[in-house]
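A short write-up of the structure that comes next.
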Amino acid sequence: MDNRAPVATASTASSDDDDNMVAFYERTLELEEVGPDTYLSVDLWRPKGNRGVFGGQVIGQALASASKTVGGGFRCNSFHCYFLAPGQNTEMIAYEVRRIRQGSSYCSRLVIAKQSGRVIFMAMASFQGPEPSVLRHQYAMPKVPPPESLISPEEHLRLKQQQNNTTKDIDVDRMAEHDVLPVETRHISMPKDQQGLPVKALWLRAKGDMSELGHSHHQKRRTVIKCLDQLSDSLCRVMDVAELVRQVHPDSSWQNAADEVYAGMFSYMNQLNTHVGLYGKLVEVMDDHEISCTFSPVEREVAMSFRRDFERSGIHLPKDAHAHFVGLSSDIQESSRGFLKSQSLPPPSDRAVAVPVDHLRSLPSQVSMHILQSSSTRKRADGTAVVDLVLDEYAAHYILRDCADDATREAVYRAWQFGSTAAVDTLETLLEQRRALSHLVGFESFGHMALEDKMAKSPSHVDEFLRGLATQAQPKWNTAINALHRVRSKTRQGSQQMFPWDRDYWMSKQQMDKGALPSLHSYFSLGRVVLGLSRVFKSLYGVELRAASPQPGEIWHPEVRKLEVVDEDGKLLGLIYCDVFSRSSKAHVGAAHFTARCARRIDDDVEVSVASAPHSSRTVVERDGQRFQLPVVVLICDFPVPVEGSPSLLSWSNVETIFHEMGHAMHSMLGQNGFHNVAGTRCPVDFVELPSILMEHFARSPHVLSLFASHYKTGAPLPLELVTKHAERRREHAAFDLHAQLFMSALDQRYHSPVLDPAGTGDGGWSTRSLIELHKDAMFSEGPGTSFFGHVEDTQWQSRFTHLIGYGASYYSYLFDRVLAGQIWDRVFHGDQPQQQVVGNPLSRLAGERFKNEVLRWGGGRDPWQSLAAVLDNGSTRHGEIDAVAQGSKSAMRIVGGWKLPDI
């Protein structure tokens with residue numbers, strides 16, 4: 001520890017300024033944590049006539065410092081102190097606390113107080129945990145007159161003057177000291193004791209209302225959570241909008257400026273995440289039972305989320321370890337960028353695949369043209385024309401799907417899945433850095449660190465879920481593989497073994513054999529789809545979407561549309577901006593939901609002296625005497641631009657996409673719990689997709705489709721039998737998608753486990769060995785799919801697993817939420833209907849209110865397991881299952897893993 005005390009300028013309290021004195025007394029024992037077990041005084045006081053700071057305040061601050069390092073159940077039972085030098089009120093005092101002993105029922109602390117590196121005071125404090133005892137050490141109360149019968153301090157001073165035979169007026173300085181002291185004294189005239197020694201006794205009482213003083217201090221400390229939430233909102237109102245601008249703004253100068261703003265704010269946010277003073281205040285309040293017991297459930301979740309953020313930033317680490325943490329964090333960011341950048345690099349020329357030109361004939365003409373224009377062509381010795389194809393994802397996709405030649409498909413698959421050795425090296429470096437970071441802050445692995453605040457809680461719980469799901473899924477994908485074998489046997493003789501490069505080709509052949517289905521595009525104009533969404537939300541939640549005209553400068557592109565979300569009384573709940581069409585200036589983010597501003601209560605904001613961004617009157621409302629900031633979100637999609645003279649027509653997949661993103665938006669609109677940090681979609685990553693995936697079920701419901709799906713020219717309704725055929729066609733290969741999701745989820749967990757190198761060699765390439773080991777796991781190695789899904793020698797599939805960057809140790813979340821959404825759909829919206837309602841109509845207001853009140857309105861302000869248990873508790877579910885789910889333990893993950901698989 002640094003032996004030099006921090007130097008600061010101390011404030012002084014003037015005896016003739018009552019307001020300052022009141023504020024001073026409230027801060028008498030207030031301390032700022034400036035390091036591990038190190039605290040700094042806030043205010044110091046030197047009484048007139050004293051040569052140094054008031055000793056009683058030093059004693060009190062020393063005891064307060066020691067108390068901050070023991071548990072809330074301990075009470076001080078012994079305190080010995082020594083003044084070694086006078087302290088000055090012109091510099092703050094630093095209190096270093098040393099933990100001498102820490103037992104289960106007893107602990108002791110040494111406190112050293114310093115000014116300018118000089119020790120001025122030392123104290124030893126002992127603390128005892130509560131335990132029953134019949135011993136009493138307090139002296140019996142002597143028989144003395146009551147305080148009301150005794151003379152005032154002024155009269156006492158006059159009496160002293162008379163006893164000293166002085167005729168001077170009462171000492172003005174002495175009276176001034178009595179005026180500013182927070183206590184009033186009444187002196188008692190006592191006889192000498194039995195040994196003839198003098199005895200002094202006096203009554204003491206506070207001059208003011210101590211309950212009010214304590215209440216005021218209590219209230220100020222209680223605002224710490226509010227202050228942090230307000231600060232978080234101020235930061236995110238800049239960072240979130242900067243992130244949006246750099247992704248979607250058509251002007252590159254705006255994108256570049258947003259990049260700079262985001263980088264600067266990110267750096268500043270990291271500084272705040274390692275601010276010892278802020279962390280100390282938060283811990284102090286959370287550990288004070290008298291304050292924390294008054295927290296609402298939402299407020300408690302807010303406090304916990306901030307505390308986790310601080311501690312994951314290594315704030316509790318010693319100086320050298322924290323510097324290592326900061327360096328590792330920077331290295332991880334650099335490795336992440338390097339891995340993503342490697343995806344856009346072309347394969348080396350020596351990895352080119354020689355493809356006979358004749359084998360391109362079965363590809364779509366535009367794909368063949370692309371390959372011929374981008375590759376060199378030559379003739380072999382036998383006269384065969386070949387192209388030396390340097391693969392990209394576009395060409396690889398179509399060759400694997402449409403090329404009839406097995407050898408060409410195999411060569412393309414091997415070349416494409418070989419990926420980049422540099423990318424593998426970068427990935428392994430990144431995973432090793434993540435593991436080192438997690439060890440530094442006390443976790444067994446990065447997986448344990450990442451899952452601590454998720455629904456899953458630990459890697460073993462995720463494994464329980466994945467294995468339960470795989471047990472259900474294996475018969476499904478075995479059936480699907482056998483169906484492909486039957487298709488292949490119609491045209492191929494000999495070996496029936498199938499390999500990964502056969503999968504896409506025979507899936508396509510299976511679809512072609514059944515014939516193409518009529519397209520649904522003509523029934524899904526964008527305007528009608530948005531109208532359908534509004535009708536769904538009105539039926540379920542009593543809210544609807546209303547088109548609004550943007551103000552000049554409010555939108556970043558003419559194609560952006562503004563929607564207001566209003567309740568049944570016409571009151572505004574929030575704003576949604578829709579930027580749904582493809583354009584070259586938009587980053588390739590696909591479909592996404594951006595939160596530009598979260599909902600929160602603002603009338604109880606803490607006043608700050610610095611300038612802050614004003615609230616727009618259009619995004620602030622008053623409810624029941626309180627003022628709230630309304631949410632503002634942006635939905636991004638990549639739909640095709642409509643041709644002139646025709647509305648924007650969507651595929652059924654596009655419809656599911658916009659329903660999905662609107663599910664996120666409605667979570668933001670209805671998840672208004674008063675706090676920014678847990679508003680709307682600010683909840684655990686393995687819960688955040690639940691409302692949006694649930695909306696996909698509505699997009700597939702015949703009843704919901706009948707609300708809006710009609711031909712854009714004739715107005716004819718969408719034939720429901722056509723919907724049924726498309727749904728059946730989709731389900732044919734859903735098991736393959738599930739297998740891929742399960743495998744990637746399991747690989748993600750394996751890569752973030754305590755042991756990264758399964759062979760223990762310490763050399764490179766361990767990520768490939770780990771991949772091979774997972775292929776051998778019973779989850780994936782049984783049945784006819786062994787070769788169909790298996791690892792192909794000399795390939796590095798993980799080099800293209802980019803989801804490892806954003807979803808480290810949490811890729812399972814999408815599968816997890818698919819299962820949860822399927823259960824809620826069946827039990828709440830579809831299979832849990834009152835008898836009087838039409839069977840199969842999911843648009844029940846009763847069901848919608850239940851989902852809104854138990855899930856959406858909480859945002860991240862409630863344990864998701866409790867929300868899940870509450871919404872599923874329909875009276876017919878076994879109480880044992882509901883209770884287990886509410887606990888969120890390993891058995892809960894096992895239960896979820898055994899729930900019915902959706903969509904297959």
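A few notes on this one:
- The listed residue being open to solvent by 60 Å² or more (accessible area, probe 1.4 Å) and within 30 Å of K538 (Cα to Cα), out of E689, E721, E696: E721
- Of the residues making up the stretch 61-78, those that are closer than 16 Å to A94 by Cβ and open to solvent by 20 Å² or more (accessible area, probe 1.4 Å) are L63, A64, K68.
- Selected residue (criterion: least open to solvent (accessible area, probe 1.4 Å)) from residues of the stretch 505-529 that are free of Cβ contacts under 8 Å to residues at least 40 places away in the same chain and assigned to a helix (DSSP H, G or I): W506
- Put simply, of E689, E728, E732, E721 the only residue that is closer than 27 Å to F851 by Cα and not basic (K, R) is E689.
- Condition check for A123: within 26 Å of V276 (Cα to Cα) and among the hydrophobic types (A, V, I, L, M, F, W, C): yes
- Criterion applied to P142, P147, P191 was being modelled with pLDDT of 80 or more and surrounded by 12 or more Cβ atoms within 10 Å (Cβ to Cβ), and the one residue passing it is P147.
- Filter result (in contact with a Ser or Thr (Cβ under 8 Å, 6 or more places away or on another chain), open to solvent by less than 60 Å² (accessible area, probe 1.4 Å) and under 25 Å from Q417 (Cβ atoms)) within the stretch 354-386: V355, P356, V357, H359, L360, V386
- F659 being surrounded by fewer than 23 Cβ atoms within 10 Å (Cβ to Cβ) and hydrophobic (A, V, I, L, M, F, W, C): no
- Pairs, first among the aromatic types (F, W, Y) in the stretch 317-334, second assigned to a helix (DSSP H, G or I), C-beta under 9 Å, six or more apart: F325/L437; F325/L440
- Among residues of the stretch 544-559 that are surrounded by 15 or more Cβ atoms within 10 Å (Cβ to Cβ) and assigned to a strand (DSSP E or B), those with a beta-carbon under 8 Å from a residue that is among the β-branched types (V, I, T) and at pLDDT 95 or above at least six positions away or on a different chain give the pairs E544/V565; E544/V566; L545/V530; L545/V565; L545/I576.
- The residues on offer are F266, F295, and the sole one that is outside any helix (DSSP H, G or I), among the aromatic types (F, W, Y) and surrounded by fewer than 18 Cβ atoms within 10 Å (Cβ to Cβ) is F295.
- Within the stretch 466-504, considering residues that are of a type in the set (D, E, K, R) and touching a residue at least 40 places away in the same chain (Cβ under 8 Å), the one farthest from G897 (Cα to Cα): D502
- Close Cβ contacts (under 6 Å, 6 or more residues apart or on different chains) running from residues in the stretch 652-664 that are in contact (Cβ under 8 Å) with a residue 60 or more places away in the chain to residues that are polar (S, T, N, Q) comprise H660/S692; H664/T681; H664/S692.
- Checked against the criterion of being open to solvent by 50 Å² or more (accessible area, probe 1.4 Å), modelled with pLDDT under 90 and among the β-branched types (V, I, T), the stretch 762-778 has no qualifying residue.
- Within the stretch 79-115, restricting attention to residues that are assigned to a loop (DSSP other than H, G, I, E, B) and under 42 Å from the mean Cα position of the chain (by Cα), the residue that is surrounded by the most Cβ atoms within 10 Å (Cβ to Cβ) is I93.
- Scanning the stretch 116-134 for residues being in contact with a Phe, Trp or Tyr (Cβ under 7 Å, 6 or more places away or on another chain), open to solvent by 60 Å² or more (accessible area, probe 1.4 Å) and assigned to a loop (DSSP other than H, G, I, E, B) gives a total of 0.
- Criterion: closer than 20 Å to H803 by Cβ, among the hydrophobic types (A, V, I, L, M, F, W, C) and in contact with a helix residue (DSSP H, G or I) (Cβ under 7 Å, 6 or more places away or on another chain) - qualifying residue of A734, A709, A740, A746: A746
- Candidates V641, V632, V621 - the one that is more than 25 Å from L228 (Cα to Cα) and β-branched (V, I, T): V641
- Single match in V678, V655, V633 (criterion: within 18 Å of the chain's Cα centre (by Cα), modelled with pLDDT of 95 or more and closer than 21 Å to F537 by Cβ): V633
- Put simply, of R618, R583 the only residue that is surrounded by fewer than 17 Cβ atoms within 10 Å (Cβ to Cβ), over 27 Å from the mean Cα position of the chain (by Cα), in a helix (DSSP H, G or I) and modelled with pLDDT under 95 is R618.
The values are calculated or read from the model by the stated rules, or taken from the named source; none is laboratory data. Since the model is a prediction, treat every value here as computed from it, not as a measurement. Positions of Cβ are backbone-derived with ideal geometry, glycine not excepted, and every protein chain shown enters the neighbour counts. Keep in mind that these areas ignore ligands, DNA and RNA; they rest on the heavy atoms of the full protein, side chains included. Shrake-Rupley method; radii C 1.70, N 1.55, O 1.52, S 1.80 Å.
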